[in-house]
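What follows is one structure encoded as structure tokens, with my remarks underneath.
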Amino acid sequence: MNILAELRRRFSAALAESTDDPEQFAQMVRPAQDPRFGDFQANCAMPLAKLIGTNPRDLAQQIVDKLDVLDLCDPPEVAGPGFINLRLRDDWLEAEVNAIAFDSGLGVQPVETPRKYVVDFSSPNVAKPMHVGHLRSTVIGDALCRILRALGHDVTSDNHIGDWGTQFGMIIYGYKHFLDRSSYETDPVGELARLYRFVNTLCDYPAAKEKLPQLEQRLAELKQQLPQAREQAKSDKKLKKNVKRIESEIRDLAGTDDRAGEIAETQKKIAAVESDLALRQAMQEHPGIARSVRDETARLHAGDDDNTRLWEEFLPQCISALQQVYQRLGITFDMTLGESHYQAQLGPAVDDLAAQGLAVESDGAMCVFIEGNDAPFIVRKSDGAFTYATTDLATIHYRVRELGAQAILYVVDARQSEHFDLLFAAARKWGYAETELKHVSFGTVMGEDGRPFKTRAGDVVGLESLLDEAVVEARKIVDANDDAKPDGPELDDETRSKVAEVVGIGGIKYADLHHNRDSDYIFSWEKMLATRGDTATYMQYAYARVCGILRRGGIDPTELRASGERIRLDEPAERSLGLQLCRFAEALDAVATEYRPNQLTQYLFETANLLSTFYEQCPVLKADDEATRNSRLRLVDLTGRIIQHGLSLLGIDTCEQM
Ligand code: ARG
């Protein structure tokens with residue numbers, strides 16, 4: 001049972017006579033920050049009293065009088081200016097924790113009205129460097145699928161790979177002109193990635209060459225304007241804004257100590273070609289390469305035989321390379337319907353939008369205009385090409401009509417938020433207003449240098465090497481920990497390797513999951529694998545410690561669970577831990593409300609902390625009497641199960657011994 005939700009329902013009923021919107025005020029029931037004030041606290045009396053013009057303490061008392069909670073709670077108390085403090089009844093809490101201990105779902109009941117979800121995640125552009133952003137999408141998306149399923153929803157995971165974009169024009173062109181056949185034979189995907197980078201570098205060069213002098217001139221102008229603008233701002237404060245604007249534009253162009261500016265980026269693109277003999281030569285021989293690459297893409301899209309054949313040759317190789325990464329991460333998809341899957345549906349989609357008067361022509365392009373947005377949503381460019389937007393619209397149509405989706409989640413980098421705002425607005429006009437469309441956006445993974453984190457090689461292979469590195473780092477920790485055991489090491493080499501894999505991969509995943517997904521975060525091995533603190537490692541050790549206690553006590557967990565021994569929550573540390581275990585369902589619901597896996601990581605972290613306090617205060621194997629020992633063993637076992645199950649819902653494995 002989700003206790004918090006139950007209390008809110010009770011409050012909602014009690015508030016019905018005082019307000020038209022009891023729900024809103026019932027939401028103000030929260031877990032208490034300080035256990036001295038009980039287990040939960042309701043702060044709704046103050047704002048509601050203000051609204052209806054009455055005394056908050058009196059109102060709080062009226063709410064309490066109407067509140068029907070005595071089956072769950074001790075009599076509620078009104079405190080201070082009108083807080084309502086709730087403490088769960090000890091007998092009720094004990095009964096609840098025992099019910100959970102006997103429940104295979106650990107107290108999580110399936111939702112009453114399951115929904116059909118399609119979760120679009122990972123979705124890398126194949127044959128193109130896959131970056132840690134795709135890893136973050138993969139990890140968050142997978143966790144959401146697992147959690148929504150655990151809540152009883154019907155979830156389809158869909159890897160919407162970019163398998164039809166301009167990168168194919170690049171590798172087709174590269175294949176035709178720059179292929180290293182022997183590399184291609186030994187490592188096709190590596191060679192395709194090389195071709196992509198090679199051609200991409202060439203395509204960027206002419207534009208960079210043209211842009212550089214303009215940028216330099218602009219910088220010179222700004223630098224000249226600055227002293228005068230500063231002078232003017234001294235006498236007229238309003239002109240300070242002007243100074244700020246100039247300074248910020250200068251920073252964008254010239255960069256700062258920890259961020260390269262546009263000029264340096266552009267110079268880098270030029271230098272990449274000019275400093276490399278092969279690229280320099282290729283540039284001379286292929287001056288119009290950008291245009292030719294576009295033509296190759298267009299030919300592929302038009303069904304040209306050669307290009308189709310090459311695409312059909314490249315794609316399975318790219319997919320199997322991705323597959324290796326997914327396998328390592330323990331992630332599977334229900335479907336991998338890439339952009340190419342929707343090709344035949346793009347024309348009809350645009351026609352339908354046009355027929356309904358939603359898409360109109362503008363400068364030769366077909367656009368959907370969204371109120372309050374200057375930029376139109378372009379569904380067909382003036383050269384006839386369809387766009388990322390068109391594919392996404394056709395995909396919504398497919399997911400709703402063919403898959404019966406009621407909710408579609410897009411686990412994609414925050415930098416695409418404008419695209420999704422426009423997409424969702426266009427889809428609503430097109431008749432999909434009933435479908436929940438949600439951009440589950442996330443921030444950038446930064447390196448310790450403050451710039452977007454890049455894997456060493458910057459490609460799929462690079463991502464794999466990142467996973468390898470994680471496991472190598474994890475191995476050091478596993479070794480150190482095992483070597484330091486008071487009775488000497490317990491693990492053989494093979495076990496240590498297995499544990500290192502679980503710790504390394506778990507650490508990477510947890511780092512992506514435990515941050516508020518909206519924020520950027522800095523990638524740090526040290527923080528990621530710390531054995532204390534908010535890390536997977538800490539919780540994996542907490543789980544292994546539980547298993548260790550049972551092992552040392554010679555206890556078979558299955559027998560223990562079947563024994564019918566009851567958990568008692570006599571000591572404060574037992575009670576706090578027991579209450580926490582009863583809140584597992586609440587944590588999962590909290591993830592589902594806004595699609596935030598960090599609600600679960602936070603819950604697990606708190607659980608592991610309460611377990612550790614419990615160990616400090618309550619001996620388990622050495623408990624005073626048999627009944628206490630058995631009760632504590634069951635409590636510890638239940639905690640271990642919840643940590644293990646919670647981590648598994650995040651896609652993180654555990655080991656019984658580490
Ligand atoms: N392939 C895109 C990228 O790598 C992400 C696709 C996300 N999904 C979608 N339906 N637009 O940036």
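The values are calculated or read from the model by the stated rules, or taken from the named source; none is laboratory data. Remember, predicted model here, so these are calculated numbers, not experimental data. Here Cβ is always computed from backbone atoms with ideal geometry, including for glycine, and neighbour counts include all displayed protein chains.
Among residues of the range 160-187 that are within 16 Å of the ligand (Cβ to nearest atom), those with a Cβ under 6 angstrom from a residue that is small (Gly, Ala, Ser) and part of a helix (DSSP H, G or I), sequence gap 6+ or separate chain, pair up as Asp163/Ser340; Trp164/Ser340.
Checked against the criteria, Phe605 does not count as part of a helix (DSSP H, G or I), more than 26 Å from the chain's Cα centre (by Cα) and either touching a residue at least 24 places away in the same chain (Cβ under 8 Å) or closer than 24 Å to Thr495 by Cβ (or both). For the range 252-266, filtering for residues that are at pLDDT 90 or above and either among the aliphatic types (A, V, I, L, M) or farther than 23 Å from Tyr205 by Cα (or both) leaves 4. For the range 325-377, a residue qualifies if it is aliphatic (A, V, I, L, M), part of a helix (DSSP H, G or I) and in contact (Cβ under 8 Å) with a residue 60 or more places away in the chain, and the qualifying residues are Val325, Leu329, Leu353. If you check Phe453 against the conditions, is it among the aromatic types (Phe, Trp, Tyr) and at pLDDT 95 or above? No. If you check Arg309, Arg294, Arg328, Arg299 for being exposed (fewer than 14 other Cβ atoms within 10 Å of the Cβ) and among the basic types (Lys, Arg), only one passes: Arg309. Of note, Leu422 does not satisfy the criterion of being within 16 Å of the ligand (Cβ to nearest atom), out of contact with any helix residue (DSSP H, G or I) (no Cβ under 6 Å at 6 or more places or on another chain) and assigned to a strand (DSSP E or B). Out of the residues in the range 507-527 that are closer than 17 Å to Ala414 by Cβ and part of a loop (DSSP other than H, G, I, E, B), which is farthest from the chain's Cα centre (by Cα)? In this case the residue turns out to be Phe523. Arg89 falls short on exactly one of the conditions (1) over 24 Å from the mean Cα position of the chain (by Cα); (2) closer than 30 Å to Glu339 by Cβ, and that condition is (2). Restricted to the range 405-419, and to residues that are under 19 Å from Phe121 (Cβ atoms) and either surrounded by fewer than 16 Cβ atoms within 10 Å (Cβ to Cβ) or more than 25 Å from the chain's Cα centre (by Cα) (or both), which residue is farthest from the ligand (Cβ to nearest atom)? Here the residue is Ser417. Scoring Leu70 on the criteria (1) part of a loop (DSSP other than H, G, I, E, B); (2) crowded, with 19+ Cβ neighbours inside 10 Å leaves a single failure, condition (2). All conditions but one from (1) more than 14 Å from the ligand (Cβ to nearest atom); (2) under 27 Å from Ile171 (Cα atoms) apply to Thr336; the one that does not is (1). Scanning the range 109-141 for residues that are part of a loop (DSSP other than H, G, I, E, B), crowded, with 22+ Cβ neighbours inside 10 Å and more than 10 Å from the ligand (Cβ to nearest atom) gives a single hit, Ala127. Where helices (runs of 4 or more DSSP H) sit wholly within the range 529-585, those with at least 3 residues that are at pLDDT 95 or above occupy 536-552, 572-581. Filter the range 85-108 for residues that are of a type in the set (D, E, K, R) and either within 29 Å of Phe442 (Cβ to Cβ) or assigned to a loop (DSSP other than H, G, I, E, B) (or both); which is farthest from the ligand (Cβ to nearest atom)? Taking the candidates together, the pick is Arg89. Remark: pairs (first residue in the range 135-155, at negative phi; second residue acidic (Asp, Glu) and more than 15 Å from the ligand (Cβ to nearest atom); Cβ separation under 6 Å; 6+ apart in sequence or on different chains) = Arg136/Asp512; Val139/Asp512.
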